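Notes for the one structure printed next.
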Amino acid sequence: MNSPYALRVRDLAHRPGEMREHTLDIEVPDAMGVGLIGVRQGAELHIDVKLEGLHEGVLVSGHASADATGECSRCLIDISEPIEVDFAELFAYDASEDFDFFVRDDHVDTEQVVRDAVVLSLPFQPVCRPDCPGLDPVTGERLADLGEQPARQVLDPRWAALSAIELDDSAAGSNDGDTTAPKTTEGEERAETE
């Protein structure tokens, strides 16, 4: 097998109870993850693998670590964060069994198992820091670079036409020059007499 993820298991095949451990340092041949962040092609991937012989096949378990790179989903700067994942999968001897992975030519190819574990551990919306304020909605500048700024009052465009209306305060409070006390209603008069 040509895959850098492939491990030879001839000495474990059909020997339940046998165990081997391997360490792999792989230069990632194909990028893992297609969103805002992923383990890029050529990145270093470290894998510690334990192979255990069972009656049905070879149990492959281990730990993988790498650095994922991408961009912050809020402010769009470049970020990098470590990825640490554990994985375990049974590689069956018999292809007629109901398993997803199989021992082929005395080898197990762990690429798909490791890839699935790494991709599922990637954050859906990565951020440069948990409290990243993002970008200014008007100027597009990174808010963390601007420091403390007074909050801008954003006017809803649906109300923009009302800002042109000017009210005369003296006209709103007067009643045709009448400066007498306000008139009372019939209900208020009854309450006062009782």
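Every number in this text was worked out from the coordinates using simple rules, so none of it is lab data. None of the values given here were measured: they were computed from a predicted structure. In this analysis, Cβ positions are derived from the backbone assuming ideal geometry, glycine residues included, and neighbour counts consider all displayed protein chains.
If you wrap a convex hull around the C-alpha atoms of segment 10-54 and split its volume per residue, what is the figure in Å³?
103
Evaluate the Kirkwood expression for the hydrodynamic radius of segment 1-118, namely the inverse of the mean inverse distance over all pairs of different C-alpha atoms, and round to one decimal in Å.
That comes to 15.2 Å for segment 1-118.
Residues of segment 31-56 with amide nitrogen under 15 Å from the 7 Å Cα-to-Cβ point of Asp94?
Only 54-56 pass the distance filter.
Just to verify a number: FRET efficiency for His63 and Leu135, C-beta to C-beta distance, R0 = 30 Å, to 0.05?
0.25
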